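A.B. asks: One structure coming up, written as structure tokens, with questions to follow.
The values are calculated or read from the model by the stated rules, or taken from the named source; none is laboratory data. None of these values were measured; they are calculated from a predicted model. Quick reminder, even Gly has a Cβ in these numbers, built from the backbone with ideal geometry, and neighbours come from all protein chains shown.
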Amino acid sequence: MTIKDTPEEWEIRGSRTPFTGAKTSVRTDEVVMPDGSVVGRDYQVHPGSVAVLALDGEDRVLVLRQYRHPVRERLWEIPAGLLDVPGENPLHAAQRELYEEAHVKAEDWRVLTDVYTTPGGCDEAVRIFLARDLSEAEGERFAAEHEETDMELARVPVEELVRGVLAGDLHNNCLAVGVLSLVAARHGAGPDALRPADAPWPARPFAS
């Protein structure tokens, strides 16, 4: 048996959008179950996101601390952001987020992993990149707004982040998945064997 997620779509008898926000919406689909019954399934429709595990020459990860209102906590995270335009190249979006949130650029980019954040209630897909060979970005810093005006930046050793994730002290999903995936890659074929930065992403197809 091959352990691999596969595309599948059950019949939808009807669909409506009871809420539309600035970036996301809520959809209700009437889905036909295997026994022939029809049930409603509510879920958030999301444009998709990218995140960047930026690793410097001292084996430290660039992290930021930001207030997240839905969970009422200030979380340590890795740079991340939405795909602003349908079909946007995820690498370009990741490079933009790393510049805007940390004023950093990277020369070496790999795909670390692709995940669905909460597939039971949201269609958000996230591509997490590994970025290496970091340097300060050129030009003026991006003008932050809203929660980002109060954001803290730090560089933290990989092992310290791993301990924080396993101890239940760090909760951001992209940070947790990113650092643990990096450790797994190091125990496997190594980061250089990761997928190239332009690897296909069926969840959010994009132009080259």
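A.B. asks: For the range 92-107, enumerate the residues that are closer than 18 Å to D198 by Cα and surrounded by fewer than 20 Cβ atoms within 10 Å (Cβ to Cβ).
C.D. replies: Here is the first cut: in the range 92-107, the ones closer than 18 Å to D198 by Cα are 92-98, 105-107.
The answer is H92, R96, K105, E107.
A.B. asks: List the pairs whose first member sits in the range 9-22 and is modelled with pLDDT of 95 or more, whose second member is hydroxyl-bearing (S, T, Y), and whose Cβ atoms are under 9 Å apart, counting only residues at least 6 apart or on separate chains?
C.D. replies: The qualifying pairs are G14/T28; S15/T28; R16/T28; T17/S25; T17/T28; P18/S25; P18/T28; F19/S25.
A.B. asks: Separate question: Give the residue that is surrounded by the fewest Cβ atoms within 10 Å (Cβ to Cβ), with candidates limited to residues of the range 166-191 that are out of contact with any strand residue (DSSP E or B) (no Cβ under 8 Å at 6 or more places or on another chain) and part of a helix (DSSP H, G or I). Let's see the steps before the verdict.
C.D. replies: To start, the set of residues in the range 166-191 that are out of contact with any strand residue (DSSP E or B) (no Cβ under 8 Å at 6 or more places or on another chain) comprises 166-169, 176, 180, 183-184, 186-190.
Retained after the next criterion (residues that are part of a helix (DSSP H, G or I)): 166, 176, 180, 183-184, 186-187.
Numbers: L166: 11, A176: 17, L180: 15, V183: 15, A184: 11, R186: 11, H187: 8.
Here the answer is H187.
A.B. asks: Picking from L98, L83, which residue would you name as being closer than 30 Å to P18 by Cα, touching a strand residue (DSSP E or B) at 6+ places or on another chain (Cβ under 8 Å), hydrophobic (A, V, I, L, M, F, W, C) and assigned by TED's automatic domain parsing to the domain that holds P191? Break it down stepwise before answering.
C.D. replies: Values: L98 fails: closer than 30 Å to P18 by Cα.
None of the other options fit; the residue is L83.
A.B. asks: Scan (1) within 28 Å of F206 (Cα to Cα); (2) in contact (Cβ under 8 Å) with a residue 12 or more places away in the chain for the single condition P119 breaks and write down its number.
C.D. replies: Of (1) within 28 Å of F206 (Cα to Cα); (2) in contact (Cβ under 8 Å) with a residue 12 or more places away in the chain, only one is false for P119: (2).
A.B. asks: Same structure, new question: Filter the range 19-50 down to the residues that are assigned to a strand (DSSP E or B) and touching a Leu at 6+ places or on another chain (Cβ under 8 Å) and list them by number.
C.D. replies: Filtering the range 19-50 down to residues assigned to a strand (DSSP E or B) leaves 19-20, 25-32, 38-45, 49-50.
Of everything in the range 19-50, those that are assigned to a strand (DSSP E or B) and touching a Leu at 6+ places or on another chain (Cβ under 8 Å) turn out to be S49, V50.
A.B. asks: Also: Which of the residues spanning the range 25-54 are within 25 Å of the chain's Cα centre (by Cα), without any contact (Cβ under 8 Å) to a residue 40 or more places away in the chain and surrounded by fewer than 16 Cβ atoms within 10 Å (Cβ to Cβ)?
C.D. replies: Correct list: S25, T28, R41.
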